[in-house]
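Comments concern the structure below.
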Amino acid sequence: MKSDKPRTTLRGRRGIMLVECLIYLAITALLVGLGMAWFIRCLNAASDLSRNADEIARTLSVGERWRADLRRATAPPRLAPDNSAEFIIPQAKGPVTYLVADDAIWRRDAPDVAWIRLLERVTHAEWNSDQRGAVTAWHFDLQLKSRKPNARLRPLFSFVGVAGERSEP
């Protein structure tokens, strides 16, 4: 007795299996490609985050150094008469000077010492005094350049300090 069902030959099955294998390979290649694209995107974001964290840490270090110099002042600090971008803090060993120039914050310990570059990529920096009763507080405000032109946040920092040692109550 013969069956009416068509018999699939071995050759036909191999063809179908090869096509299925090629489809699986294509899907796997697509998924691996998408995974690599997302991995690279996450790696770039992590790199940007690390760079921003380092820049914030450097900026905070400069601000804390400025506050420490301000606390060691032996006389009232002042802006240079001919240059408002220069802040002079008189100290026992000589004046410490901060300068904003060439998109950077510079510092030197004495007039005959070379300038040290503390912070780069500075867009704007200024010092302002604020009289609070018998005490004069100083504000050090600075803005850094954004690394991306379409950045949503501007890197702004503000430090407040008072000249001279604190007296304990």
| request: Name every residue in the stretch 89-109 that is out of contact with any strand residue (DSSP E or B) (no Cβ under 8 Å at 6 or more places or on another chain) and either at positive phi or small (Gly, Ala, Ser) (or both), in order of residue number. | output: Ala92, Gly94, Ala101, Asp102
| message | Looking at the structure I just gave you, is Ile16 surrounded by 10 or more Cβ atoms within 10 Å (Cβ to Cβ) and at pLDDT below 90? | response | yes
| request: Would you check which residues across the stretch 108-153 are farther than 18 Å from Asp54 by Cβ and charged (D, E, K, R) and list them? | output: Arg108, Asp109, Asp112, Glu126, Asp130, Arg132, Asp141, Arg152
| Which residues, counting only those in the stretch 121-152, are closer than 19 Å to Thr74 by Cα and of a type in the set (Ser, Thr, Tyr)? | Ser129, Thr136
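Which residue out of Ala57, Ala68, Ala45, Ala37 is in a helix (DSSP H, G or I), within 11 Å of the chain's Cα centre (by Cα), exposed (fewer than 14 other Cβ atoms within 10 Å of the Cβ) and without any contact (Cβ under 8 Å) to a residue 24 or more places away in the chain?
Ala57
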| So is Thr74 among the β-branched types (Val, Ile, Thr), assigned to a loop (DSSP other than H, G, I, E, B) and either more than 16 Å from the chain's Cα centre (by Cα) or surrounded by 14 or more Cβ atoms within 10 Å (Cβ to Cβ) (or both) or not? | yes
| said: Given the condition surrounded by 10 or more Cβ atoms within 10 Å (Cβ to Cβ) and either touching a residue at least 12 places away in the same chain (Cβ under 8 Å) or part of a strand (DSSP E or B) (or both), answer yes or no: does some residue in the stretch 20-34 qualify? | reply: no
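The values are calculated or read from the model by the stated rules, or taken from the named source; none is laboratory data. Note that the structure is predicted; figures quoted are calculated from it, not measured. Neighbour counts run over all protein chains shown; Cβ positions are idealised from the backbone, glycine included.
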